[in-house]
Amino acid sequence: MYRHFGFNPHRARHSRDGMPGHGGHHGGRRGGGRPRLGRFLEHGDLRFVLLALIEAAPSHGYELIRALEERTGGAYRPSPGAIYPTLALLEDEGFAVQSAGEGGRKLYAITEAGREALAAQKPSVDAIFARMRSVGADDAGRDKVRRAMENVKTALRLRLARGASDAEAAAVAAVLDEAAGKIERL
């Protein structure tokens, strides 16, 4: 039954990340020696990190995902399932307000109450951003490629979720085919 490459899930030793054969994290690192970012964002931290980002520039969710990924050099990429509920919470708390942006996307901006709440958390948010910068300095070359790949995947998911006509789908496929050809020729 479990003969594929000798793997038997009942006998495999699992780490905290669920990967068979790995007894656990080594030195707090995983995946190519990269530090785990989970410790940088404790419960509730994402709220204030997002507030700091939208204070700097009103943004929509996808821009915030990309901003966090860029600040960490690709080591951390929050899912839309983490970002959008947090933005809704900020709105419910009166810390953020949304308006219609390009293409019907919701654009979030900080409110005065949000500025006050952020000011109270400034030292903590500054420390989180400093840790993100240090993680982002690791593996910068490969992470740029990974980040770009994830950006494409997220953009495709968001675009397809809104629906696409046959012509729009063909245009997206043409862009992807052209990009693949250029990458092969590098």
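The values are calculated or read from the model by the stated rules, or taken from the named source; none is laboratory data. Predicted model, so just to flag it, every value in this text is computed and none were measured. Methodologically, a virtual Cβ is constructed for each residue, glycine included, from the backbone with ideal geometry; neighbour enumeration extends over all protein chains shown.
Within the range 93-106, residues that are within 19 Å of A56 (Cα to Cα) reach partners that are modelled with pLDDT of 75 or more and polar (S, T, N, Q) with beta carbons closer than 7 Å, at six or more positions or on different chains, in the pairs G94/T111; F95/T111; A96/T111; V97/T111; K106/Q98. Taking the range 58-81 as the range and being within 8 Å of the chain's Cα centre (by Cα), among the basic types (K, R) and closer than 18 Å to D45 by Cβ as the test, only R77 passes. M132 meets the conditions (1) of a type in the set (A, V, I, L, M, F, W, C); (2) in contact (Cβ under 8 Å) with a residue 24 or more places away in the chain; (3) surrounded by fewer than 17 Cβ atoms within 10 Å (Cβ to Cβ) in every case but one. The failed one is (3).
Mind checking which residues of the range 121-139 are modelled with pLDDT of 85 or more and either in a helix (DSSP H, G or I) or acidic (D, E) (or both)? Correct list: K122, P123, S124, V125, D126, A127, I128, F129, A130. Count of the range 97-113 residues, restricted to those that are in a helix (DSSP H, G or I) and at pLDDT 95 or above, is 2.
Against the numbered list (1) of a type in the set (G, A, S); (2) within 19 Å of the chain's Cα centre (by Cα); (3) assigned to a loop (DSSP other than H, G, I, E, B), G94 comes up short only at (2). Regarding L64, is this residue crowded, with 17+ Cβ neighbours inside 10 Å and farther than 21 Å from R159 by Cβ? Judged against the criteria, L64 is not a match.
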